[in-house]
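See structure below.
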Amino acid sequence: MTPHASRPTPRGFFVTGTDTGVGKTLVCCALLYGFAALGKSVIGMKPVAAGAIRSADGLVNDDVALLRAASNVEAPPHLVNPYCFEPPIAPHLAAEQAGAAIDFATIANAYRQLAAVADIVIVEGIGGFCVPLNHNEDSADLAQRLGLPVILVIGLRLGCLNHALLTAQAIRAKGLQLVGWIANCIDPALAAADENVAALAERLAAPLLGKVKFAVAPDPQRIAALIALPRLG
């Protein structure tokens, strides 16, 4: 991976989900591979990560490692992942335990530096859209601060209709543009999965970018081919 000297105006997307564990990292990596296949320079960013192991190089989060592997532009770890905490708990609690405070100015500055060296920055949120990040702000506030168009990952399981519609409502309440959504089947036993997707398509005022079938070991490069990137404009 090599940085580029000059490039057109950067563009980014904020990827959120209906909950934790719905496949945000998988989709982010697929987006990175997909845009790279179109000749774009791309880099993934996870502003806040909770759940990491200690190594000789410091804390390592699996999601961050996957994003870095899917990127074709290199950047320092502190820009790709400004805040990383060891316990796999709510990020504001993890930060408190570490004696730290998640500062949006630090994240915004890191994003600007990444956007200066890549055509497209894929920013992965943590947990669901409204997860608290500090005493006064949550992930929705961070998305608003970055001002990026939002892609919603919907984990297809019982209750996903309510979760998806409420999340879309919250995105718009922040004045953000929901530019597309991806249906990711995380429950292979879900009844009427296709009917659930159809119900969402009728109710979400944004294009369906792709449907991902359940897989024990999903491949983001294969999934990249399933995502309709042209629908993002």
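Rank these for me by crowding, Lys211, Lys46, going from fewest to most other beta carbons within 10 Å.
Ranked by crowding around the Cβ, least crowded first: Lys211, Lys46.
Kindly list the residues of region 43-64 that lie in the label zone of Ala116, defined by a backbone N under 17 Å from the point 7 Å along the Cα-to-C-beta vector.
43
For the chain, what number of Lys pairs, 8 or more residues apart or on separate chains, have alpha-carbon atoms under 22 Å from each other?
The number of close lysine pairs in the chain is 6.
Okay, helix-only estimate at 222 nm for the chain: each DSSP H run of n ≥ 4 adds -39500 (n - 2.57), divide by all residues, round to 500 deg cm²/dmol; what do you get?
Helices in the chain give a 222 nm mean residue ellipticity of -10500 deg cm²/dmol.
Apply the Karplus curve 6.51 cos²θ - 1.76 cosθ + 1.60, θ = phi - 60°, to the phi angles in region 102-116 and return the couplings in whole Hz, x for Gly and Pro.
Residue by residue, region 102-116 yields 7, 10, 5, 5, 5, 5, 4, 5, 5, 4, 4, 5, 5, 5, 7 Hz.
What would the Debye formula give as log10 I(q)/I(0) at q = 0.10, 0.11 Å⁻¹ for the alpha-carbon point model of the chain, no solvent?
The calculated log intensity ratios at q = 0.10, 0.11 Å⁻¹ are -0.42, -0.52.
Hey, can you grab everything whose amide H is under 5 Å from the amide H of Phe214? Only 5+ residues off in sequence or another chain; H modelled, so Pro and N-termini drop out.
Residues meeting the criterion, in which the H sits 1.01 Å from N, are Cys185.
State the dimensionless ratio Rg/Rh of region 114-233 (Rg: radius of gyration of Cα atoms; Rh: Kirkwood radius).
Value, to two decimals: 0.96.
So if I place +1 on the C-beta of Lys and Arg and -1 on the C-beta of Asp and Glu, and nothing else carries charge, what would the dipole magnitude of region 29-151 be about its Cα centre? I want it in debye, nearest 20.
280 debye
Which ordering of Cys28, Cys185 is given by a fewest-first count of other beta-carbon atoms within 10 Å?
Listed from fewest to most nearby Cβ atoms, that is Cys185, Cys28.
Amide H to amide H, which residues 5 or more places from Val73 or on other chains are under 5 Å from it, using H placed in the peptide plane?
HN-HN under 5 Å from Val73: Val42.
A short reminder: the numbers here are calculations on the coordinates, not readings from a lab. For clarity, every value in this text was computed on a predicted model and none was experimentally measured. Virtual Cβ from ideal backbone geometry, glycine too; neighbours counted across all protein chains shown.
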